[in-house]
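**Q** Please see the structure below; I have some questions.
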Amino acid sequence: MLRGTLYELVRADSLGATVRLLPESAVYRGHFPGYPITPGVCLVQIALELIAGMAGPVRLVAAKNIKFTNPVIPKEGLELRFDLTGAGENWSVEIHEGDVLSAKMSLTVA
């Protein structure tokens, strides 16, 4: 679980959630030193944790059509909006930094 280590939940609603990244996280010391960037796998994991918060415990079955359109550079106070659409097994996720689309993905969970 990355909550508390890489991000904190700011607010959640029926359409998704807003999280604040923690730029002092150890993740950023290794990815990449001198130019930290949020790893794509961490964005997928955050999405899974947020889906679990809406739908109960889940595990990833498949990740399709993942597109990272803008790097997520950690900085103090950075908030990301995760728009989550779906129910049951199939979820669509869009991640926005303000008005900028940073990533989108289709996740199948069980």
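**Q** Of the listed values (1) 159; (2) 146; (3) 94, grab the one calculated as volume of the Cα convex hull per residue in Å³ from the structure here.
**A** This structure yields the entry labelled (3).
**Q** Still on this model: Taking the Cα centre as origin and putting +1 on Lys and Arg beta-carbons and -1 on Asp and Glu beta-carbons, what dipole magnitude results for the chain, to the nearest 20 debye?
**A** Details: 10 positive and 11 negative charges, 55 e Å.
My answer is approximately 260 debye.
**Q** Quick one: among 69, 38, 18, which has the greatest mean-square fluctuation in a GNM of the chain with alpha-carbon springs under 10 angstrom?
**A** 69
**Q** Here is a further query. May I ask you to compute the full-extension gain from residue 60 to residue 110, defined as 0.36 nm times their residue separation minus their alpha-carbon distance, rounded to one decimal in nm? Numbers along the way, then the final one.
**A** Details: separation 50, 0.36 × 50 = 18.00 nm, distance 0.66 nm.
Computed gain between residue 60 and residue 110 is 17.3 nm.
**Q** Right, here's the next one. Identify, among 56, 72, 39, the residue whose Cα sits farthest towards the positive end of the charge dipole of the chain, taking +1 on the Cβ of Lys and Arg and -1 on the Cβ of Asp and Glu, with the dipole about the Cα centre.
**A** Value computed over the given set: 39.
**Q** Okay, next question. First measure r as the distance between the Cβ atoms of residue 3 and residue 92, then evaluate 1/(1 + (r/R0)^6) with R0 = 22 Å and state the FRET efficiency to the nearest 0.05.
**A** FRET efficiency, residue 3 to residue 92: 0.55.
Each value in this text was obtained by applying a stated rule to the coordinates, not by laboratory testing. It should be emphasised that the depicted structure is a prediction, and the values quoted were computed from it without experimental measurement. Glycine gets a Cβ as well: all are built from the backbone with ideal geometry, and neighbour counts include every protein chain shown.
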